[in-house]
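Asks: One structure coming up, written as structure tokens, with questions to follow.
The values are calculated or read from the model by the stated rules, or taken from the named source; none is laboratory data. Computed from a predicted structure; not experimentally measured. A quick note on method: Cβ atoms are made from the backbone with ideal geometry, for glycine too, and the neighbour counts reach across all protein chains shown. Each accessible area value is taken on the protein alone, full model and side chains, heavy atoms only, with ligands, DNA and RNA left out. Shrake-Rupley method; radii C 1.70, N 1.55, O 1.52, S 1.80 Å.
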Amino acid sequence: MTLFGKISSSFAAVSQVLRGESATAAVPAVETREIDAAGTEGKSLGGMAAWLSNWDGGAASAGDLAKPYARSAWVRSAIGFVAAPISMRPLIFSRDRRGGDQVIEDPELTKFWERPARNAGGKMNRQDFIEATVALLKLRGQCFWLLDPTWEIRGAGKNPLILASAESMHAIIDGGELVGWNYRGARGSNFQFIPANVIHHKFWNPYDEVVGLSEWEAAQISAEADYAAGVFAKNLAKNNGDRGPYVIGKSGQFTDDQVKQISAQLKAKRELGRKGDFRAAFIPADVDVKDPSVESVDASYVAQRLENRKEVYIAFGVPPSFADPQASYSIGSASDRFRLIEDTCMPLAAKIADGMEIVSARFLDTLDTIFVEFDWDSHSTMQAIRAERFDTAVKAVDKGMPWKVAGEYFRLKFPRFAGDDVGRIPFNLTEITADPKPEPANAPAAVKSDPFGDLQRLFSLAPVTRIPAVPARKDFNPATAAKWAQIHKAREPWEKKFQSKVSRYLMDARAETLRNIATLAGQHPDTAKMVMKDLTALSLVFDLGKFLEAWTKGLLGISAAAMEAAGLEVWTDELLRDDPLTMPAAEVLRALSERENRISGAGQQVWEQIVTSLQDGITKGETTDQMAERIRTKFSSIDKQRSIVIAKTETTVAYETARNLAFHAAGVQWKQWLTSGLGNSRHDHASADEQIVPVDEPFIVGGFEMLFPGDPNAPAKEVINCNCVSIAVAGPNSDDINNDPTVPY
């Protein structure tokens, strides 16, 4: 009889065992190899749960930990941390790839995997089956899924799997090759399985190609050390009970009468003490009575146990931080919980899924590959990761990446929707292209810019020198003044937004600085006499990095929105255009980038002013109360002086930059500078009122060239607090504006 025939002859017996009937089978005369070092009697699936709880850890010795899964809290919990997330994940079946688009929805296959194996109490559900598989892999390095003979009969009903431990399986070797497996069943019967009907899960073993290497071997020393320490502490505590006093005779051995007398007095004293009656005991002998002291473990003992349990967790692939009590757990991409899921649970789940794919293909009776995947998307940790990916994807979409591409790149698994393959961006978010008019190679070197120096001039926190106004012009033009008022009114909401945002960030910085001072006061309650001479201002001032990040992002966001609003106002309200506005995005980004440098520098100056004020208070030996009052006053002064200046200046720069770009986009040929004409403009600007120039040429204001009011390249004195506007006109003569009825502006 061939080996296959010998193996096939036991199929009926295996089916009898699954039905709970007794069976015997002839064992083939083929060499078998023990693959488990312990060589203990095989365990049936019915005894699997008992084996996991009662396994004695191999050859017992005085230092071994018996029943590690039952008696070591750290071994059991480490395995639970890995097994529980895997066992609770739903399964996804597909034909093209794991997590693919060709999903298989077969009710019978789904039903099978809900109860895929059998034990003495009936069918095992999938959660118990997966947990047992994980536990066997962790403790023994390998486990087996066996398919009974009905899996060989095409179209026949499928029986549940047999989950076998390493002790139950023995390799059948013929000519140095693995040709089958011998399985020892519940009643000592032996059954043979061909390799195709055995799914052998194992961890890689560099010392043996057949036997898996368990993680328990790496954890055993630490687990046994922790267990021995626990037993020691238990016995020590049990020995700390009432052992009675020590009675020491100083002059020799006691007589029997002395022993009885002393014992009686001590007993009577103890009984009276329990009733609240404490009396002295007078012992007529030269004796010394001592109570036994309570014994306890020392700090090094406790510290060693902490390290032992962390080593156990590391061996089983669980982050060691899980061994420490924590009030709350982070579940994001930077958390140890994510490390557990991604580094331990997911790879082990993929290994188990390999076996599931073989079983599923056999179940569906197909030669095609069936892919099985554990669905991790619904896990709380992966949901947190998905939220982080979504935030990153939003930033990419804002830069022009289509949602379809972003969803695939960041693995968001979004359903398709109309237009998801088209990238859309705001007009001010486009890649900056190369300068269409590059400077010649022999051009003189440009003067190195100094954004921070310019910013100091623009947003100086020193008291503002009021720029003298000029009297209202005698040739006051009501038409141009009305036009100025109409345009300027649209700016006012944006000025308020800037001012509100500046005040908010200043108040947040003030609150943080005051909290730092209050913390210092709490550490040194005697604030009235406290001299902070050993401090530095940097230990009290607000966090510059966080402040600048919020300050720059917030103010720059208003600038971008104001530019967009200004461009649309010119396009639709003044030029009466009904086609879409296409702004030169490179110019917009260039303008925003320049404003970012200046806005950031203004925030830096606020920080430097507060540091200077704090250091002055420290030098003068002020108390914390005095220091807090100093900071309140300083921040109020900065807010009052500078919030309006920054608001007016930034609004003018944003609005006029956008208007100038819109003029070019619309093909406007001429532009005009307008002031209010009411006498509240500085001399240079009043002199430039109603000046008309070609749209590509600058205005001449105070002897300086300015492309538009608020031109950031102009001197600071011509930009700060500027309220002027520019408008599109029909020609170089004012009469064209006043008399031509066809000009909409």
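Asks: Confirm whether Gln626 is under 51 Å from the mean Cα position of the chain (by Cα) and open to solvent by 60 Å² or more (accessible area, probe 1.4 Å). Let's see the steps before the verdict.
Replies: Values: under 51 Å from the mean Cα position of the chain (by Cα): yes; open to solvent by 60 Å² or more (accessible area, probe 1.4 Å): yes.
Yes.
Asks: A further question on this structure: If Lys395 satisfies all but one of (1) farther than 24 Å from Lys138 by Cβ; (2) at pLDDT 85 or above, what's the number of the condition it fails?
Replies: For Lys395, the exception is condition (2).
Asks: Would you mind telling me which numbered condition in (1) in contact with a helix residue (DSSP H, G or I) (Cβ under 9 Å, 6 or more places away or on another chain); (2) open to solvent by 20 Å² or more (accessible area, probe 1.4 Å); (3) under 18 Å from Phe704 (Cα atoms) Leu678 fails?
Replies: It is condition (3) that Leu678 fails.
Asks: Got a sec? Which of Phe498, Phe476 is modelled with pLDDT of 55 or more, aromatic (Phe, Trp, Tyr) and open to solvent by 60 Å² or more (accessible area, probe 1.4 Å)? If you could, list the steps in order and put the result at the bottom.
Replies: Numbers: Phe498 fails: open to solvent by 60 Å² or more (accessible area, probe 1.4 Å).
Sole residue among the options that is modelled with pLDDT of 55 or more, aromatic (Phe, Trp, Tyr) and open to solvent by 60 Å² or more (accessible area, probe 1.4 Å): Phe476.
Asks: Let me ask something else about it. Can you name every one of the strands (runs of 3 or more DSSP E) wholly within the range 139-222 that holds 2 or more residues which are at pLDDT below 90 and either touching an Asp or Glu at 6+ places or on another chain (Cβ under 8 Å) or farther than 24 Å from Gln127 by Cα (or both)? Please lay out each step first, then the result.
Replies: Working: elements: 142-146, 162-164, 169-174, 177-184, 190-193, 198-202.
Ranges flagged: 169-174, 177-184, 190-193.
Asks: Quickly run through the range 647-660 and pick out the residues that are among the aliphatic types (A, V, I, L, M) and either within 10 Å of Met563 (Cα to Cα) or surrounded by fewer than 23 Cβ atoms within 10 Å (Cβ to Cβ) (or both). Can you show your working first?
Replies: Quick first cut of the range 647-660, residues among the aliphatic types (A, V, I, L, M) only: 647, 653-654, 658.
Result: Val653, Ala654, Ala658.
Asks: Right, Glu690: charged (D, E, K, R), touching a Pro at 6+ places or on another chain (Cβ under 9 Å) and modelled with pLDDT of 85 or more or not?
Replies: no
Asks: Select the helices (runs of 4 or more DSSP H) contained entirely in the range 318-425, then report the ones holding at least 3 residues which are within 28 Å of Ile104 (Cβ to Cβ) and within 27 Å of the chain's Cα centre (by Cα).
Replies: 346-363, 380-398, 403-409
Asks: Out of the range 193-209, which residues are hydrophobic (A, V, I, L, M, F, W, C) and either under 17 Å from Lys351 (Cβ atoms) or open to solvent by less than 10 Å² (accessible area, probe 1.4 Å) (or both)?
Replies: Our first condition is that a residue be hydrophobic (A, V, I, L, M, F, W, C); within the range 193-209, this holds for 193-194, 196, 198-199, 203-204.
Across the range 193-209, the qualifying residues are Phe193, Val198, Ile199, Phe203, Trp204.
For (1) under 30 Å from Lys483 (Cα atoms); (2) open to solvent by 10 Å² or more (accessible area, probe 1.4 Å), each residue gets a yes or a no:
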residue: Trp551; (1), (2): no, no
residue: Met563; (1), (2): yes, no
residue: Thr582; (1), (2): yes, yes
residue: Arg590; (1), (2): yes, yes
residue: Glu594; (1), (2): yes, yes
residue: Ile631; (1), (2): no, no
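Asks: All but one of (1) open to solvent by 20 Å² or more (accessible area, probe 1.4 Å); (2) β-branched (Val, Ile, Thr); (3) at pLDDT 85 or above hold for Thr619; which doesn't?
Replies: Every condition holds for Thr619 apart from (3).
Asks: I would also like to ask the following. Here is a list: Leu340, Leu348. Which entry is touching a residue at least 60 places away in the same chain (Cβ under 8 Å) and under 25 Å from Ala117 (Cα atoms)? Explain how you work it out, then say what you get.
Replies: On the way: Leu340 fails: under 25 Å from Ala117 (Cα atoms).
Only one candidate qualifies: Leu348.
Conditions (1) over 30 Å from Val312 (Cβ atoms); (2) open to solvent by 40 Å² or more (accessible area, probe 1.4 Å); (3) of a type outside the set (Val, Ile, Thr), marked per residue:
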| site | (1), (2), (3) |
| --- | --- |
| Ile130 | no, no, no |
| Trp145 | no, no, yes |
| Ser165 | no, no, yes |
| Val179 | yes, no, no |
| Ala186 | yes, yes, yes |
| Leu213 | no, yes, yes |
| Gly230 | no, no, yes |
| Lys234 | no, yes, yes |
| Asn240 | no, yes, yes |
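Asks: Does any residue in the range 373-392 that is over 19 Å from Asp101 (Cβ atoms) come within less than 6 Å, Cβ to Cβ, of a residue that is assigned to a helix (DSSP H, G or I) and open to solvent by 30 Å² or more (accessible area, probe 1.4 Å) six or more places away or on a different chain, and which pairs are these?
Replies: Close Cβ pairs (under 6 Å, with a partner that is assigned to a helix (DSSP H, G or I) and open to solvent by 30 Å² or more (accessible area, probe 1.4 Å)) amount to Thr381/Arg337.
Asks: Right, something else. Which members of the range 249-284 meet the condition of being open to solvent by 70 Å² or more (accessible area, probe 1.4 Å), at pLDDT 70 or above and outside any helix (DSSP H, G or I)?
Replies: The answer is Gln253, Thr255, Lys275, Phe278, Arg279, Ala280, Phe282.
Asks: Residue check: is Asn597 touching a strand residue (DSSP E or B) at 6+ places or on another chain (Cβ under 8 Å) and on the phi < 0 side of the Ramachandran plot?
Replies: On the way: touching a strand residue (DSSP E or B) at 6+ places or on another chain (Cβ under 8 Å): no; on the phi < 0 side of the Ramachandran plot: yes.
So Asn597 does not fit the description; no.
Asks: Then there's this: Just to be sure I understand, how many residues within the range 215-228 are open to solvent by 40 Å² or more (accessible area, probe 1.4 Å) and more than 20 Å from Gly141 (Cα to Cα)?
Replies: 3
Asks: List pairs: first residue in the range 97-116 and farther than 22 Å from Asn159 by Cβ, second residue exposed (fewer than 14 other Cβ atoms within 10 Å of the Cβ) anywhere in the structure, Cβ distance under 6 angstrom, at least six positions apart or on different chains.
Replies: From residues that are farther than 22 Å from Asn159 by Cβ, the pairs are Gln102/Asp96.
Asks: Still on this structure, I have one more. Does Gly46 meet the test of being of a type outside the set (Lys, Arg), open to solvent by less than 20 Å² (accessible area, probe 1.4 Å) and modelled with pLDDT under 90? Outline the logic, then answer.
Replies: Details: of a type outside the set (Lys, Arg): yes; open to solvent by less than 20 Å² (accessible area, probe 1.4 Å): no; modelled with pLDDT under 90: yes.
In short, no.
Asks: When the range 285-329 is examined, which residues are found to be open to solvent by 80 Å² or more (accessible area, probe 1.4 Å), over 16 Å from Leu340 (Cβ atoms) and modelled with pLDDT of 80 or more?
Replies: Gln304, Glu307, Glu311
Asks: Moving to a separate point now. With the condition being surrounded by fewer than 18 Cβ atoms within 10 Å (Cβ to Cβ) and under 31 Å from the mean Cα position of the chain (by Cα), I'd like the helices (runs of 4 or more DSSP H) fully within the range 67-118 carrying at least 1 qualifying residues.
Replies: Numbers: elements: 68-71, 73-87, 107-114.
Of the helices (runs of 4 or more DSSP H) lying wholly inside the range 67-118, those with at least 1 residues that are surrounded by fewer than 18 Cβ atoms within 10 Å (Cβ to Cβ) and under 31 Å from the mean Cα position of the chain (by Cα) span 73-87.
Asks: If Pro732 satisfies all but one of (1) touching a residue at least 40 places away in the same chain (Cβ under 8 Å); (2) open to solvent by less than 10 Å² (accessible area, probe 1.4 Å), what's the number of the condition it fails?
Replies: The single condition Pro732 does not satisfy is (2).
Asks: Still on this model: Pairs under 6 Å by beta carbon, first residue of a type outside the set (Phe, Trp, Tyr) in the range 307-321, partner outside any helix (DSSP H, G or I), six or more apart or different chains?
Replies: From residues that are of a type outside the set (Phe, Trp, Tyr), the pairs are Ala315/Glu215.
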